[in-house]
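For reference, the structure is listed below as structure tokens.
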Amino acid sequence: MRTLFRVYDSSDPTRIPRVVDKLQRAWEGQPSLSLPALMGILANRGIGWGASDAELVAALAEMENEHPSLLDAHPGAPHTIITVAPDRLVTLSGGVVVVRSGHDPVAMPGVWAYDSLRRTGPGRPLVVRDTEGIEHRLGVVQLITRIDDADAPALAGLHHEDVGAHRWLVAFEDGARAVVGQRIRVWVKRRRDVSTRTLAWARVENCAPGEDMVVAPAGGRPQEVLGRVERVVLLETGQF
């Protein structure tokens, strides 16, 4: 922080373009906000009239980290991206893409491995290249949210009262999928269609790749085995 105070010395007018650049990048990450709304968020984080430029820049950097204005070809952290035209929720995590409908929770999520994406940000197209070299155009970016999984609870052993706003995708080895949130929605591929059901649950007993996902339903009903787990992807932590 001492270095920041030297770089943003209030007696140095050349600091102004650098401070404005930080403001622009944070604002471009959430362009739907008005400037007063943006300043209100900063105020809630302790940035008032008595704050220094260094403190402002640190708060702006934190905001940009949460909602980046740009993502490069190989993001170093997982992100969920809201797109329009069409409305989608796209999660990039560990070389895997999860594509969900933004308006139809009953639609089965798409899951596939990806290689890279074109540089993108709010107002830009989201184009993701899969591991076979095919580019998928997934809409126009509205908001990017970095997924901070440091404080996310483990899915295995999770009690329903601890789920909060978290959501996970579970992909099964037989092609079935589940999204775990306040309820568990399960999709199973049939020959000609996809069946779906929702499950009220009390506890996830087990959910590890290579093992069966075992759930204790609500109401004391017998445990259910939903399938053998291929992968688990954290989708949301309630940061939108």
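The values are calculated or read from the model by the stated rules, or taken from the named source; none is laboratory data. Values in this document were obtained by computation on a predicted structure and should not be read as measured data. Ideal geometry is used to build each Cβ from the backbone, glycine not excepted, and the neighbour counts take in all protein chains shown.
Tabulated data
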item	result
Number of positions in the range 44-101 that are more than 29 Å from P17 (Cβ to Cβ) and free of Cβ contacts under 8 Å to residues at least 60 places away in the same chain	13
Selection status of P68, under 14 Å from the mean Cα position of the chain (by Cα), modelled with pLDDT of 95 or more and more than 30 Å from K189 (Cβ to Cβ)	yes
Selected residue [assigned by the TED database to the domain that holds G210 and surrounded by 16 or more Cβ atoms within 10 Å (Cβ to Cβ)] from L92, L169, L126, L117	L169
Subset of the range 2-33 that is closer than 19 Å to W49 by Cα and either at pLDDT below 70 or hydroxyl-bearing (S, T, Y) (or both) - its residue that is surrounded by the most Cβ atoms within 10 Å (Cβ to Cβ)	Y8
Filter result for G133 (touching a Ser or Thr at 6+ places or on another chain (Cβ under 7 Å) and in the same structural domain as R100 (by the TED database))	no
Residue within the range 145-157 that is within 30 Å of D72 (Cα to Cα), in a strand (DSSP E or B), touching a His at 6+ places or on another chain (Cβ under 8 Å) and in contact (Cβ under 8 Å) with a residue 12 or more places away in the chain present	yes
Residue match in the range 219-229 (condition: surrounded by 20 or more Cβ atoms within 10 Å (Cβ to Cβ), in a strand (DSSP E or B) and of a type in the set (K, R))	no
Residue tally, condition in contact (Cβ under 8 Å) with a residue 40 or more places away in the chain and either aliphatic (A, V, I, L, M) or within 16 Å of R228 (Cα to Cα) (or both), over the range 158-183	13
Test: residue in the range 185-202 that is in contact with a helix residue (DSSP H, G or I) (Cβ under 7 Å, 6 or more places away or on another chain), outside any strand (DSSP E or B), free of Cβ contacts under 8 Å to residues at least 40 places away in the same chain and surrounded by fewer than 16 Cβ atoms within 10 Å (Cβ to Cβ)	yes
Subset of the range 126-143 [more than 15 Å from L70 (Cβ to Cβ), of a type in the set (A, V, I, L, M) and touching a residue at least 24 places away in the same chain (Cβ under 8 Å)]	V128, L138
Positions within the range 10-23 being closer than 18 Å to P122 by Cα and without any contact (Cβ under 8 Å) to a residue 24 or more places away in the chain, in sequence order	D21
Given (1) over 28 Å from V188 (Cβ atoms); (2) under 15 Å from the mean Cα position of the chain (by Cα), index of the condition V127 fails	(2)
